[in-house]
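Participant: Quick one: the structure is below, questions incoming.
The numbers here are math on the coordinates, done by the rules we state, and not lab data. All figures in this text were calculated on a predicted structure; none of them were measured in a lab. No Cβ is skipped: glycine too gets one built from the backbone with ideal geometry, and neighbour counts run over all protein chains shown.
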Amino acid sequence: MDTRTNHNTTNIIAKLLFVLAAIGAINWGLIGFFNFNLVDAIFGGGAREQTSTISRVIYAIVGLSGLAALGLLPKVHAEPMGRRDVAHRAV
């Protein structure tokens, strides 16, 4: 596999993981500040009901994404600036 293709795939996966982790963080913020669970509101379940299966799957995916994003954080931080960033700075 080409190094550039591998790098692009890694960036796409990292971005997806960070987006899912951010969604989880927003949901936890809503729970903490307003006692409102967005995932349960959309997919069913809640404090007085048993959480729906789809909500639990979403929680699991977001949780795993957060863990994977933490694992990718050092690699993303260590990536050199791309040509586009260098060209932008030269302007």
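Participant: If you add up the charges near Ala69, with Lys and Arg at +1 and Asp and Glu at -1, over every other residue whose beta carbon is less than 13 angstrom from its beta carbon, what do you get?
Facilitator: Taking every Cβ under 13 Å from that of Ala69, the sum is +2.
Participant: Spin-label point model (7 Å from Cα, Cβ direction): what's the Leu70 to Asn11 distance in nm?
Facilitator: 2.7
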